[in-house]
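Participant: Before I ask anything, let me first share the structure, which is written out below as C-alpha cells.
The values are calculated or read from the model by the stated rules, or taken from the named source; none is laboratory data. Just so we're clear, the structure is a prediction, and the values are computed from it rather than from any experiment. Don't worry about glycine lacking a Cβ; one is built from the backbone with ideal geometry, like all the others, and counts go over all protein chains shown. Note: areas computed on protein heavy atoms with side chains; ligands, DNA, RNA excluded. Shrake-Rupley method; radii C 1.70, N 1.55, O 1.52, S 1.80 Å.
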Amino acid sequence: MDSLDLSHQGAVAALLGRICREEGVSVVMVAHDVNPILPWLDRVLYLAEGAAAAGPPQQVITTRTLSRLYGAPVEVLRAGDGRLVVVGGGHGTGGGGGHGHHHELD
C-alpha cells in the first residue's frame, strides 16, 4: 500500500475491514507505515531485532514499547481526533526504520 496516496490507502484498508466483517475472515498485512491503516487494525505484531510485541494497537503502539523494540527513538502521538500517529526519530542502533511490522486486520 506504500505506493498508494493517503486517500487510496485508507480506502483499501476500509474495504479490507468491511470484507473481514462481512465474510468473517482475517487479513494479515505487512506495512512499513501504519498511520493510514491504524483505524482498521484489531491486532498488531511488530518484529524487530529478534524481539516482538503483539496485541491490540492501543497496548502495543506506544512510545515506550516501540522505542524499546527498535532500539531507537519512536514517538507515538495522539491526534486531535484520537488517531495514533507513529513518528520515527533519530538513528539508533536497532531497527530498520520501521521495517518489519506485521499488522492483522479482523
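Participant: I'm trying to understand the selection: among the residues of the range 1-11, which are open to solvent by 50 Å² or more (accessible area, probe 1.4 Å) and either at pLDDT below 80 or assigned to a helix (DSSP H, G or I) (or both)?
Facilitator: In the first step, residues of the range 1-11 are kept if they are open to solvent by 50 Å² or more (accessible area, probe 1.4 Å); the result is 1-8, 11.
Hits for the range 1-11 are 1, 2, 6, 7, 8, 11.
For (1) closer than 17 Å to residue 87 by Cα; (2) of a type in the set (Phe, Trp, Tyr); (3) free of Cβ contacts under 8 Å to residues at least 40 places away in the same chain; (4) touching a His at 6+ places or on another chain (Cβ under 9 Å), each residue gets a yes or a no:
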site	(1), (2), (3), (4)
3	no, no, yes, no
8	no, no, yes, no
14	no, no, yes, no
17	no, no, no, no
24	no, no, yes, no
48	yes, no, no, yes
59	yes, no, yes, no
71	yes, no, yes, no
76	yes, no, yes, no
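Participant: Scan the range 29-46 for residues that are in contact with a His (Cβ under 7 Å, 6 or more places away or on another chain) and assigned to a strand (DSSP E or B) and jot them down. Before you say what the answer is, go through the steps one by one.
Facilitator: From the range 29-46, those in contact with a His (Cβ under 7 Å, 6 or more places away or on another chain) are 29-32, 34, 37, 41, 44-46; that's our starting set.
Passing the criteria: 29, 30, 44, 45, 46.
Participant: Check the range 57-71 and report whether any residue there is in contact with a Leu (Cβ under 8 Å, 6 or more places away or on another chain) and of a type in the set (S, T, N, Q).
Facilitator: Taking every residue of the range 57-71 in turn, at least one turns out to be in contact with a Leu (Cβ under 8 Å, 6 or more places away or on another chain) and of a type in the set (S, T, N, Q).
Participant: Going through the range 17-32 one residue at a time, which ones are more than 14 Å from the chain's Cα centre (by Cα) and open to solvent by 40 Å² or more (accessible area, probe 1.4 Å)?
Facilitator: If the condition is that a residue be more than 14 Å from the chain's Cα centre (by Cα) and open to solvent by 40 Å² or more (accessible area, probe 1.4 Å), then 18, 19, 21, 22, 23, 24, 25, 26 are the ones that fit.
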